[in-house]
Amino acid sequence: MSIAALKKLTLAGPIDQKAEVLAHFQNLGCLHVVPISLEVTPPEKAPTRGAEDTYKALRFLADVEGSRKQLRHAADFDVTAFVATVLDLRQSIRETGDRRDALDARIRSLEPWGELVFPDRSALDGVSLWFYELPLKDRDALQHISEPWEIVGHDQKTLFVVVLSVEEPADDLLPVPRVHVGAKPRAALIAELEDTEILLEELQAERIALTRYLKVFREHVSEAETEAELEFAMAQTRDDTDIFVVQGWVPETDIAAIEDYAESAGLAVIEQSPAWNETPPTLLVQPETEAAAVDLAMFYQVPGYRGWDPSLLLVVSFAIFFAMIVADAGYGLVILLGLLAGWSRLDATPKLKAWRRLGLIIAGATVVYGAVVGSYFGAAPPEGSSLGNLIILDLHDFDTMMRLSILIGVAHIVFAIAMNAWVNRAHRSAKAQLGWIGLIVGGLFIWLSGQTGPGFVSGAALFAVGFALIVFFTSERPIEKPSDWAWRIFDGVTALNGAMGAFGDVLSYMRLFALGLASASLALTFNDLAMQVIEASPGIGLLFGLIVLIIGHVLNFGLALMSGVVHGLRLNYIEFFKWGLPEEGVAFRPLTRKEVQK
């Protein structure tokens with residue numbers, strides 16, 4: 001596996017061939033389009049990458065409880081028109097629901113005022129009615145207003161007051177703002193609410209009726225995604241009156257096919273290698289069987305184009321870390337049995353098969369490591385037995401397990417630094433990367449030697465060499481005047497601030513020992529508790545002991561799985577990526593069709 005070498009292609013052709021050309025590239029599925037359009041499109045009108053509207057429509061129908069009997073065939077099904085119909089219906093339901101809620105709130109707010117029917121203003125000689133909800137504690141404020149007023153109702157806390165005035169009263173007439181009751185009588189609002197609720201029911205019924213197309217709709221979702229991808233790509237080109245220009249990154253292995261098509265279609269092509277200041281997207285080249293490894297590598301951070309592909313190492317290290325954290329062969333067998341139970345369901349696509357393969361690796365590593373430490377659901381096999389002879393490590397031997405965890409951490413981080421140094425071997429900083437290796441390995445030798453003997457001398461020498469390489473080769477600062485040499489040294493000394501971080505990262509691998517010991521200890525504790533319950537109450541105690549055993553191991557198994565995944569990935573994503581892949585890239589997203597080929 002590796003990162004594919006890319007080239008930037010710029011193609012130009014007649015504007016009337018634009019849709020045809022981009023559709024052909026979509027069929028090829030190898031062009032990562034670079035936006036070069038000069039048009040400024042408002043965000044609300046800009047096309048989105050991916051069929052967002054389609055998925056909104058799908059979720060809207062899928063959320064309906066009790067969908068209708070599904071149509072299995074619909075030859076004239078138009079996914080674009082169907083999406084528009086569903087989204088229009090969704091908007092209508094939303095607006096009608098808002099209208100119903102507003103009417104309901106208005107009717108409830110009018111209840112204290114009774115059935116208000118407003119006469120014409122001419123009948124009141126131009127006088128208008130102004131409404132206030134006045135707290136009882138502010139009743140005395142009514143005595144200070146000159147306009148006529150009347151209390152038309154009250155409750156335990158509020159007086160409902162009507163003030164008569166030709167002009168709108170001042171804001172400070174009463175210590176509360178006036179109430180807007182509207183011009184419609186309450187009875188008319190109730191009638192309108194009933195009509196709105198009936199309309200809402202009809203719209204909901206239409207929504208339920210459309211659920212009969214869910215199966216067909218799901219089968220056509222990929223078509224909508226394909227159309228959305230093409231529309232998005234067409235918005236990224238630079239267009240003139242007569243020609244269009246499209247630009248993008250293409251794997252070198254596909255250049256020949258594109259050039260042949262461009263020649264046959266009469267397109268002009270410019271081929272360029274990536275410039276030093278360009279950041280091409282990252283395409284990890286791997287067989288389908290390694291798709292799960294690529295997903296793991298891209299989940300946290302996309303490797304830079306000029307970096308290296310960590311997929312294979314990530315699978316190996318994650319499986320080892322997971323196994324050391326779970327630390328039980330019995331739990332590994334449970335994972336394996338669960339994988340076998342879902343074996344056929346993981347056979348649908350190449351990606352699922354890849355994840356199934358990764359699951360087998362993880363389960364196998366867990367079983368092997370569990371046998372090495374002699375833990376089977378927390379129980380150790382008898383000494384001298386075939387399983388007992390497989391025991392190599394003792395989880396309760398703190399010194400040995402601590403050394404093993406540190407050694408694994410050093411190996412993991414040193415490999416990351418070495419790969420980073422190899423990728424940047426043409427730069428001065430590669431020597432500084434070797435210096436970090438010397439610093440970490442030298443520190444390891446000093447620790448293991450107990451500060452005496454040949455190991456200490458070798459470690460001190462490596463430490464000193466690493467220190468010097470970091471100081472003198474970290475900086476890439478160009479030398480334009482003598483003082484730049486001093487600045488280079490200063491940059492190197494400043495880089496030594498990362499030394500504490502390096503040793504802290506190595507110590508992070510102690511979690512492999514700590515979490516593995518915790519998992520094994522909990523399993524053993526639940527076994528002891530179950531035996532105590534059984535021995536305390538013969539007969540019925542067997543039942544309660546089994547309950548304690550099952551609940552305890554289910555709980556411990558869940559905790560072990562969670563710890564294995566979280567901390568197993570953390571050591572890779574945080575410590576390893578920090579030293580091996582310091583630069584983040586952009587994922588290669590080709591213009592391609594989304595339909596699954598059968």
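In table form, for the structure just shown:
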quantity: Failed criterion for Trp436 (all others in (1) without any contact (Cβ under 8 Å) to a residue 60 or more places away in the chain; (2) surrounded by 19 or more Cβ atoms within 10 Å (Cβ to Cβ); (3) of a type outside the set (Ser, Thr, Tyr) hold); calculated: (1)
quantity: Tally, over the stretch 232-246, of residues that are out of contact with any Leu (no Cβ under 7 Å at 6 or more places or on another chain) and either in a loop (DSSP other than H, G, I, E, B) or not β-branched (Val, Ile, Thr) (or both); calculated: 9
quantity: Pairs with Cβ under 9 Å, 6+ apart, first in the stretch 293-308 and at positive phi, second at pLDDT below 90 and of a type in the set (D, E, K, R); calculated: none
quantity: Only one of Ser483, Ser537 that is farther than 30 Å from Ala421 by Cα and modelled with pLDDT under 90; calculated: Ser537
quantity: Lone unmet requirement of (1) under 34 Å from the mean Cα position of the chain (by Cα); (2) open to solvent by 40 Å² or more (accessible area, probe 1.4 Å); (3) at pLDDT 90 or above; (4) over 16 Å from Lys7 (Cα atoms) for Tyr213; calculated: (3)
quantity: Scan of the stretch 463-508 for residues that are outside any helix (DSSP H, G or I) and exposed (fewer than 13 other Cβ atoms within 10 Å of the Cβ), ordered by number; calculated: Glu476, Pro478, Ile479, Glu480, Lys481, Pro482, Asn497
quantity: Selection status of Val161, farther than 19 Å from His24 by Cβ, surrounded by fewer than 17 Cβ atoms within 10 Å (Cβ to Cβ) and in contact (Cβ under 8 Å) with a residue 12 or more places away in the chain; calculated: no
quantity: Every pair of residues 6+ apart whose Cβ atoms lie under 7 Å, when the first sits in the stretch 102-115 and is on the phi < 0 side of the Ramachandran plot and surrounded by 10 or more Cβ atoms within 10 Å (Cβ to Cβ) while the second is charged (D, E, K, R) and in a helix (DSSP H, G or I); calculated: Leu103/Glu192; Ile107/Arg186; Leu110/Arg186
quantity: Some residue of the stretch 133-154 being surrounded by 14 or more Cβ atoms within 10 Å (Cβ to Cβ), of a type in the set (Ser, Thr, Tyr) and over 30 Å from Glu206 (Cα atoms); calculated: no
quantity: Selection within the stretch 532-581 - in contact with a Gly (Cβ under 9 Å, 6 or more places away or on another chain), open to solvent by 60 Å² or more (accessible area, probe 1.4 Å) and closer than 30 Å to Ile406 by Cα; calculated: Lys578
quantity: Scan of the stretch 172-204 for residues that are more than 23 Å from Phe118 (Cβ to Cβ) and open to solvent by 50 Å² or more (accessible area, probe 1.4 Å), ordered by number; calculated: Asp172, Pro175, Glu197, Ile198, Leu199, Glu201, Glu202, Gln204
quantity: Any hit, the stretch 187-207, residues being of a type outside the set (Lys, Arg), more than 54 Å from the chain's Cα centre (by Cα) and either within 22 Å of Leu103 (Cα to Cα) or assigned to a loop (DSSP other than H, G, I, E, B) (or both); calculated: no
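This table checks each residue for (1) modelled with pLDDT of 90 or more; (2) among the aliphatic types (A, V, I, L, M); (3) within 27 Å of Phe557 (Cα to Cα); (4) touching a Gly at 6+ places or on another chain (Cβ under 9 Å).
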| position | (1), (2), (3), (4) |
| --- | --- |
| Lys351 | no, no, yes, no |
| Val367 | yes, yes, yes, yes |
| Ile406 | yes, yes, yes, no |
| Val410 | yes, yes, no, yes |
| Asn424 | no, no, no, no |
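The values are calculated or read from the model by the stated rules, or taken from the named source; none is laboratory data. Keep in mind the model is a prediction, meaning the values are calculated, not measured. We place every Cβ from the backbone using ideal geometry, glycine too, and count neighbours over all the protein chains shown. Accessible surface areas use protein heavy atoms only, side chains included; no ligands, DNA or RNA. Shrake-Rupley method; radii C 1.70, N 1.55, O 1.52, S 1.80 Å.
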